[in-house]
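Enquirer: One structure, pasted below without further comment.
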Amino acid sequence: MELLLALLLVLAFLLAALGLALPPWRRPAAIALLAIALLAVGHGLLGPAERTLVTEHGYAGFEGAALEVSVVAFPTGTATAPGWQWPLPFLGFAVLWASVLLLLRDRRPANGYVLPILFAWTGIAAWLGMQACAAPSAVVQPVGIDRVLWPAGLAMALVTAQNARSMLRLVITIGFGIMLARLPVALFSKYASDAQLGTCLDISSVRDIVNPMTQVPFDPRLQSGSSEQQFWLIWLEHVIFFPGVYLMSLFGIAFGAYMFHRHGGGDPALPARPRNA
């Protein structure tokens, strides 16, 4: 049941993101958001009276006696809360964005920044809130925050493709927007690590990672709380690596949507480029 619920929450984020960019999807996405949120509330009410979640941070390293690099799930803390509380952060997120989708009606967002970035930031808050309320592990781990940020990036790519007047502006807007949407994750990861809060973003106790340049563990080991540790596990991951990966995946989608709107007659508000004779 928890795995099914986790998949439904991923579907809810994806549908809400599509609804931001595509008006025909808005009412179905709003209904799905509220229905999945109510299902989660029911699961919380009918589940255990108290829940405990062991939060984990995934990093590239050697697990046990393994000879190949793999993703190692390292425990970073424990959260305990009454069983009915964990759906509440997602319920708040669902009510907010169902309302936004219904209020938008058939209007197109003015730009690719405001709503997709707010979607990403509120999704981050809901994800962290569910961790603090000891949500089922399948709901918040693994993959974690990318369950929210990739759909938000998809919405940004589709909306930007509708509004962009040039290919250069399309690339710049998506690249900067992806980094801006993910910046709170990096900032909170630093805060959580300095304060040892114990969420998935607390990397203070993670030391045995693999150097991505050499594919061997750091020697000497990274020191807890050092600037080197935070660079490899926070800033490189959230400000450089994942924005680059997202840009490569989302730009292809944005390019296809951009060409459709410019040449396929998808949006009469955008002037079509003259075709060469």
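None of the figures in this text is laboratory data; all of them are computed from the coordinates on show. Quick caveat, the model's predicted, so the values are computed rather than measured. Here Cβ is always computed from backbone atoms with ideal geometry, including for glycine, and neighbour counts include all displayed protein chains.
Enquirer: Using only the Cα atoms of the range 25-104, what semi-axes does the equivalent ellipsoid have when each is the square root of 5 times a gyration tensor eigenvalue? Give whole Å, largest first.
Expert: Equivalent ellipsoid semi-axes, largest first: 34, 20, 10 Å.
Enquirer: Name the trypsin sites (Lys or Arg not before Pro) in the range 166-225 that are in a loop by DSSP and that have at most 11 other C-beta atoms within 10 Å, would you?
Expert: Arg221
Enquirer: Could you check the simple spin-label distance between Thr52 and Ala195, using points 7 Å along Cα→Cβ, in nm with one decimal?
Expert: 2.4
Enquirer: Among Met167, Leu250, Val143, whose Cα sits farthest toward the positive end of the charge dipole of the range 115-257 (+1 at Cβ of Lys/Arg, -1 at Cβ of Asp/Glu, about the Cα centre)?
Expert: Met167
Enquirer: What distance in nm separates the two pseudo spin-label positions at Glu228 and Leu45, each 7 Å out from Cα along the beta-carbon direction?
Expert: 5.4
Enquirer: Pick from Gly175, Gly47, Gly83: which is most flexible by mean-square fluctuation in a GNM of the chain where alpha carbon atoms under 10 Å apart are linked?
Expert: Of Gly175, Gly47, Gly83, the Gaussian network model singles out Gly47 as fluctuating most.
Enquirer: Could you give the length gained by full extension between Asp208 and Ala138, i.e. 0.36 nm per residue of separation minus their alpha carbon distance, to one decimal place? Write down the numbers at each step before the final one.
Expert: Working: separation 70, 0.36 × 70 = 25.20 nm, distance 2.49 nm.
This chain segment gains 22.7 nm when fully extended.
Enquirer: So, one more: Please build a GNM for the chain, connecting alpha carbons under 10 Å apart, and tell me which residue among Glu50, Glu68, Glu237 fluctuates the most.
Expert: In this elastic network of the chain, the residue with the biggest mean-square fluctuation among Glu50, Glu68, Glu237 is Glu68.
Enquirer: Between the range 41-116 and the range 118-186, what is the C-alpha centre distance in whole Å?
Expert: Comparing the Cα centres of the range 41-116 and the range 118-186, I get a distance of 12 Å.
Enquirer: Length gain on complete extension for the stretch Val69 to Leu103, per 0.36 nm per residue less the alpha carbon to alpha carbon distance?
Expert: 7.4 nm
Enquirer: Helix-derived [θ] at 222 nm for the chain: sum -39500 (n - 2.57) over DSSP H runs of at least 4, divide by residue count, nearest 500?
Expert: -18500 deg cm²/dmol
Enquirer: Next question, about the same structure. Roughly how many debye, to the nearest 20, is the charge dipole of the chain about its Cα centre, given +1 on each Lys and Arg Cβ, -1 on each Asp and Glu Cβ, and no other charges?
Expert: Using Cβ point charges on Lys, Arg, Asp and Glu, the chain gives about 1460 debye.
Enquirer: Right, here's the next one. Test of understanding: what is the full-extension gain from Met1 to Leu168, defined as 0.36 nm times their sequence separation minus their Cα-Cα distance?
Expert: Details: separation 167, 0.36 × 167 = 60.12 nm, distance 4.55 nm.
Taking Met1 through Leu168 to full extension adds about 55.6 nm, to one decimal.
Enquirer: How large, in Å, is the range 1-60 by the Kirkwood hydrodynamic radius built from its alpha-carbon pairs?
Expert: Evaluated on the range 1-60, it is 13.3 Å.
Enquirer: Between beta-carbons, use under 12 Å as the cut-off and find the net charge around Trp84, counting Lys and Arg +1, Asp and Glu -1.
Expert: 0
Enquirer: Calculate the spin-label point distance for Phe176 paired with Leu96, positioning each point 7 Å from the Cα along the beta-carbon direction, and give it in nanometres.
Expert: 2.4
Enquirer: Okay, moving on. Report the local net charge at Ser224: Lys and Arg +1, Asp and Glu -1, summed over other residues whose C-beta lies under 13 Å from its C-beta.
Expert: Numbers: positive: Arg207, Arg221; negative: Asp194, Asp202, Asp208, Glu228.
Summing Lys/Arg as +1 and Asp/Glu as -1 gives -2.
Enquirer: For a quick check: with amide H placed at 1.01 Å from N, whose amide H comes under 5 Å from His57's, ignoring anything fewer than 5 positions away on the same chain?
Expert: For His57, the qualifying residues are Phe74, Thr76.
Enquirer: Still on this structure, please answer the following. In percent, what relative contact order does the chain have, based on Cα pairs under 8 Å that are 6 or more apart in sequence? Kindly include the intermediate steps, with their values, before the conclusion.
Expert: On the way: 418 pairs, mean separation 55.4, N = 277.
Over the chain, the number comes to 20 percent.
Enquirer: Now a separate question. In the Gaussian network model of the chain, springs joining C-alpha atoms below 10 Å, which of Leu201, Leu149, Leu46 carries the largest mean-square fluctuation?
Expert: Leu46
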